[in-house]
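Colleague: The structure is given below, and queries will be raised subsequently.
The numbers here are math on the coordinates, done by the rules we state, and not lab data. In this text the structure is predicted, and so the values were computed from the model without any measurement. Using ideal geometry, Cβ is built from the backbone for each residue, glycine included, and neighbour counts are taken over all protein chains shown.
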Amino acid sequence: MENAVKYALWMLLLCPLAYGSPCPRAQAKNGDALIHAEQTWARSLEHQDAPTLGCILADEFEDAGPDGKLTDRVTTLAKAAEHRAVHHELSDLHAHVQGDFGYIRGLAAAIDAQGKVVAKVRFTDVYEYRDGRWQCVAGHESMIGN
């Protein structure tokens, strides 16, 4: 079973290379583009859409989660493909761009099917503009009370 999961993950990662990249190009170099990237990230989790998330995460991406553990790109994409059914509500988004680098801070609330907030985190994501698009190179999340 584990080999089947690894095979499926690799197919998700490699298919865009074989059929042409679905990743956006010519994104604006401004805060609105970073906000859009974060909203796309949230929707990709809700839809278990690892290929879309793969367009956002740089190859060297690492995230420091609320538990203090580091998660790399491959693990993040594998988790996205199995993400639990919650809605991600983003708020308090503040994006900053300086040349080819940018970062965004915000709040993300995970809301279950009954409308209950099951988790809330403050996050910071760091982006670099490469190949005509923003790619997230690092993230950090801190759990906060509901």
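Colleague: If you scan segment 56-71, which residues turn out to be loosely packed, with under 14 Cβ neighbours inside 10 Å and either closer than 23 Å to Met143 by Cα or among the polar types (S, T, N, Q) (or both)?
Modeller: Matches in segment 56-71: Asp67, Gly68, Lys69, Leu70.
Colleague: Still on this structure: Looking at segment 110-123 only, could you name the residues that are surrounded by fewer than 18 Cβ atoms within 10 Å (Cβ to Cβ), in contact with a Ser or Thr (Cβ under 9 Å, 6 or more places away or on another chain) and not aliphatic (A, V, I, L, M)?
Modeller: Scanning segment 110-123 gives a single hit, Arg122.
Colleague: Among the candidates Leu107, Leu90, Leu53, Leu77, which residue alone is touching a Gly at 6+ places or on another chain (Cβ under 9 Å), surrounded by 14 or more Cβ atoms within 10 Å (Cβ to Cβ), without any contact (Cβ under 8 Å) to a residue 60 or more places away in the chain and among the aliphatic types (A, V, I, L, M)?
Modeller: Leu90
Colleague: Which ranges mark the strands (runs of 3 or more DSSP E) fully within segment 98-146 that have 3 or more residues being among the aromatic types (Phe, Trp, Tyr) and out of contact with any Pro (no Cβ under 8 Å at 6 or more places or on another chain)?
Modeller: 117-130
Colleague: Name the residue that is farthest from Asp112 (Cα to Cα), counting only residues in segment 50-87 that are basic (Lys, Arg) and part of a helix (DSSP H, G or I).
Modeller: Arg73
Colleague: Filtering segment 39-49 down to residues that are touching a helix residue (DSSP H, G or I) at 6+ places or on another chain (Cβ under 9 Å), of a type outside the set (A, V, I, L, M, F, W, C) and in a helix (DSSP H, G or I), which residue is surrounded by the fewest Cβ atoms within 10 Å (Cβ to Cβ)?
Modeller: Ranking the qualifying residues of segment 39-49, first place goes to Arg43.
Colleague: Next question. I'm trying to understand the selection: among the residues of segment 36-78, which are basic (Lys, Arg) and under 11 Å from the mean Cα position of the chain (by Cα)?
Modeller: Arg43, Arg73 - these are the residues of segment 36-78 that are basic (Lys, Arg) and under 11 Å from the mean Cα position of the chain (by Cα).
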